[in-house]
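Engineer: The following block contains the structure, expressed as structure tokens.
The values are calculated or read from the model by the stated rules, or taken from the named source; none is laboratory data. This one's a predicted model, so the numbers in the text were calculated from it and none came from an experiment. Because the Cβ atoms are built from the backbone with ideal geometry, glycine has one as well, and the counts that use them run over all protein chains shown. Heavy atoms of the whole protein, side chains included, go into the accessibility calculation; ligands, DNA and RNA do not. Shrake-Rupley method; radii C 1.70, N 1.55, O 1.52, S 1.80 Å.
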Amino acid sequence: MAFVSLKKAFTSTPNLAHYDPKIPFIMEAGVLDFAFSSTLSQQGDYEKLYPMAFDSRKFDFAEINHKIQD
């Protein structure tokens, strides 16, 4: 029951929108100690952001242990 409710919420009209080449994209990115994620969105009605693409991945061992020098 919960899965069906979530599936309906994620695929219903208020959460999804079609790509419009006239509207600029907004890119948001987030980084943790072990993962990276990003979302590509466009602004829609009432200044609401609609996700167009999402990507995330876990860092591999070398990326986690890479030291960044300031």
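Engineer: In whole percent, how big is the carbon plus sulfur part of the accessible area of the chain, probe 1.4 Å, protein atoms only? Don't skip to the end; give the middle numbers.
Structural biologist: Numbers: 3990 of 6430 Å².
C and S fraction of accessible area: 62 percent.
Engineer: With n ≥ 4 as the cut-off for DSSP H runs, can you work out [θ] at 222 nm for the chain, using -39500 (n - 2.57) per run divided by the number of residues, rounded to the nearest 500?
Structural biologist: Numbers: 2 runs with 15 residues, N = 70.
One gets -5500 deg cm²/dmol as the mean residue ellipticity at 222 nm.
Engineer: Heavy-atom accessible area of Glu47 with all protein chains present, probe 1.4 Å, nearest 10 Å²?
Structural biologist: My reading of the accessible area for Glu47 is about 140 Å².
Engineer: Per residue, how large is the accessible surface of the chain? Use a 1.4 angstrom probe and give square angstrom.
Structural biologist: On the way: 6430 Å² over 70 residues.
The answer is 92 Å² per residue.
Engineer: Against the longest principal axis of the chain, how steep is helix 2-11, in degrees 0 to 90 to the nearest 10, with axes from Cα atoms?
Structural biologist: Orientation of helix 2-11: about 80 degrees from the principal axis.
Engineer: Expressed as a fraction of 2.2 N^0.38 Å, the rule-of-thumb size for a compact globular protein of N residues, what is the C-alpha radius of gyration of the chain?
Structural biologist: Working: Rg = 16.5 Å, N = 70, 2.2 N^0.38 = 11.1 Å.
Taking the Cα Rg and dividing by 2.2 N^0.38 Å, one obtains 1.50.
Engineer: Taking the Cα centre of the chain as origin, work out the dipole magnitude from +1 charges on Lys and Arg Cβ and -1 charges on Asp and Glu Cβ, in debye rounded to 20. Please report the intermediate quantities before stating the final value.
Structural biologist: On the way: 7 positive and 9 negative charges, 68 e Å.
Result for the chain is approximately 320 debye, rounded to the nearest 20.
Engineer: How high is the relative contact order of the chain, in percent, with contacts defined as C-alpha pairs under 8 Å that are six or more residues apart? Can you show the working numbers first?
Structural biologist: Working: 80 pairs, mean separation 17.0, N = 70.
Relative contact order, the chain: 24 percent.
Engineer: On a 1.4 Å probe surface of the protein chains, which of Lys7, Lys22, Lys48 comes out largest in accessible area, and what is the full order?
Structural biologist: Reading off the accessible areas and sorting them downward yields Lys22, Lys7, Lys48.
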